[in-house]
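S.K.: Before I ask anything, here is the structure I am working with.
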Amino acid sequence: MTKEAVNRFARLIAASKSAVQIAFAWLDEGLEFERTTQAFVGTLFLIRGARNFNAVQILCEAGYAVEAQTMLRTMVEDVVTLSYISTKPEKLAEAWLTFENPRLAQSLELLAKAHGQNIPEGNERPRFARWTRLSLFQMAEKADRVTPGIAEYLDFVYPVLSDRAHGNTSSSTSYARTYADGTIEALYKPSPAQADITLSNAITIVLTTAERAQALGVTIDLTPLEAAEREIYAACGLAAGLPPVAGE
């Protein structure tokens with residue numbers, strides 16, 4: 001890396017750490033879980049968003065931005081879900097919070113499997129269960145009226161992030177590089193590559209999550225995180241606005 005690239009990476013990581021501290025500061029101050037169902041749900045997603053964002057930052061700093069993009073995919077799914085919930089806050093927050101997934105194995109089942117034992121008859125779980133009948137893309141379409149642009153963003157970014165998560169052929173360029181003479185280089189060592197694109201997407205997603213949580217009744221000041229977003233974009237050499245797709 002050139003000295004300029006090293007300095008740019010250092011600025012990006014410093015700005016990202018600052019953004020994480022802002023998100024955690026909201027939680028340190030104490031949030032009111034119990035006021036309304038929708039505020040409670042908004043707080044849960046805010047906590048999850050802050051933790052995931054911190055995990056993405058740690059991975060990027062360590063040189064594993066490509067791996068962080070699987071976490072980024074989860075953050076995208078969460079912001080779509082929360083945006084959809086905020087289209088009908090009372091009804092959908094209640095539906096999300098009270099849903100019990102019958103597909104999940106219970107602790108005794110897990111222990112039985114771990115010890116090679118058979119699951120008792122009658123414990124067969126349904127093959128499919130979801131808190132809403134809508135797909136992620138259908139939720140995004142409905143959520144677009146409260147979070148403008150989210151459906152287009154999902155359609156643009158989600159296939160790329162899914163490639164990372166599933167290890168599809170098209171993501172192979174992240175792990176090997178071929179040269180004109182036929183040699184192949186294994187890309188397994190930590191690298192700052194794609195940290196900028198990953199963190200610029202992550203900060204926008206966590207800010208959008210916070211905006212939706214605020215709309216659901218969570219009392220937070222978004223101003224510091226908005227400033228952090230601008231700082232991260234500046235460190236990446238990007239103008240404020242929708243970030244480009246991770247990996248592109």
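The values are calculated or read from the model by the stated rules, or taken from the named source; none is laboratory data. The shown structure was predicted, so the numbers you read here are calculated from the model rather than taken from an experiment. All Cβ positions, glycine included, derive from the backbone under ideal geometry; neighbour counts span all protein chains shown.
S.K.: Determine, yes or no, whether Phe53 is in contact with a helix residue (DSSP H, G or I) (Cβ under 6 Å, 6 or more places away or on another chain), modelled with pLDDT of 95 or more and over 14 Å from Arg212 (Cα atoms).
M.R.: For Phe53, the condition - in contact with a helix residue (DSSP H, G or I) (Cβ under 6 Å, 6 or more places away or on another chain), modelled with pLDDT of 95 or more and over 14 Å from Arg212 (Cα atoms) - is met.
S.K.: Considering only segment 1-27, how many residues are of a type in the set (Val, Ile, Thr), farther than 18 Å from Glu226 by Cβ and surrounded by 14 or more Cβ atoms within 10 Å (Cβ to Cβ)?
M.R.: 1
S.K.: Looking at Gly30, is it modelled with pLDDT under 95 and either at positive phi or surrounded by 16 or more Cβ atoms within 10 Å (Cβ to Cβ) (or both)?
M.R.: For Gly30, the condition - modelled with pLDDT under 95 and either at positive phi or surrounded by 16 or more Cβ atoms within 10 Å (Cβ to Cβ) (or both) - is met.
S.K.: Also, I was wondering about something else. Looking at the structure I just gave you, is Met75 part of a loop (DSSP other than H, G, I, E, B), of a type outside the set (Gly, Ala, Ser) and either in contact with a helix residue (DSSP H, G or I) (Cβ under 8 Å, 6 or more places away or on another chain) or on the phi > 0 side of the Ramachandran plot (or both)?
M.R.: no
S.K.: Further question: Would you mind telling me which numbered condition in (1) buried (at least 16 other Cβ atoms within 10 Å of the Cβ); (2) modelled with pLDDT of 95 or more; (3) over 17 Å from Gln138 (Cα atoms) Ser83 fails?
M.R.: That leaves (3) as the condition not met.
S.K.: Can you tell me which residue is farthest from Ala234 (Cα to Cα) among those in segment 159-203 that are assigned to a loop (DSSP other than H, G, I, E, B), over 22 Å from the mean Cα position of the chain (by Cα) and hydrophobic (A, V, I, L, M, F, W, C)?
M.R.: Looking at the filtered set, the residue picked out is Ala180.
S.K.: When both residues are 6+ apart or on different chains and their Cβ atoms are under 6 Å apart, which pairs have a first residue that lies in segment 131-155 and is farther than 16 Å from Ala215 by Cβ, and a second that is among the charged types (D, E, K, R) and modelled with pLDDT of 95 or more?
M.R.: Hits for this filter: Ala151/Glu141; Ala151/Asp144.
S.K.: Can you find a residue that is exposed (fewer than 15 other Cβ atoms within 10 Å of the Cβ), touching a residue at least 40 places away in the same chain (Cβ under 8 Å) and touching a Phe, Trp or Tyr at 6+ places or on another chain (Cβ under 9 Å) anywhere in segment 33-47?
M.R.: No, because not a single residue in segment 33-47 is exposed (fewer than 15 other Cβ atoms within 10 Å of the Cβ), touching a residue at least 40 places away in the same chain (Cβ under 8 Å) and touching a Phe, Trp or Tyr at 6+ places or on another chain (Cβ under 9 Å).
S.K.: While we're here: Output the residues belonging to segment 161-189 that are surrounded by 12 or more Cβ atoms within 10 Å (Cβ to Cβ) and at pLDDT 90 or above.
M.R.: Leu161, Ser162, listed by residue number.
S.K.: With the structure loaded, tell me whether Ala68 is at pLDDT 95 or above and surrounded by fewer than 23 Cβ atoms within 10 Å (Cβ to Cβ) or whether it fails that test. Quick ask: steps written out before the conclusion?
M.R.: On the way: at pLDDT 95 or above: yes; surrounded by fewer than 23 Cβ atoms within 10 Å (Cβ to Cβ): no.
Criteria not met by Ala68.
S.K.: Could you say whether any residue in segment 125-137 is closer than 30 Å to Thr36 by Cα, touching a helix residue (DSSP H, G or I) at 6+ places or on another chain (Cβ under 9 Å) and part of a helix (DSSP H, G or I)?
M.R.: Scanning segment 125-137 turns up at least one residue that is closer than 30 Å to Thr36 by Cα, touching a helix residue (DSSP H, G or I) at 6+ places or on another chain (Cβ under 9 Å) and part of a helix (DSSP H, G or I).
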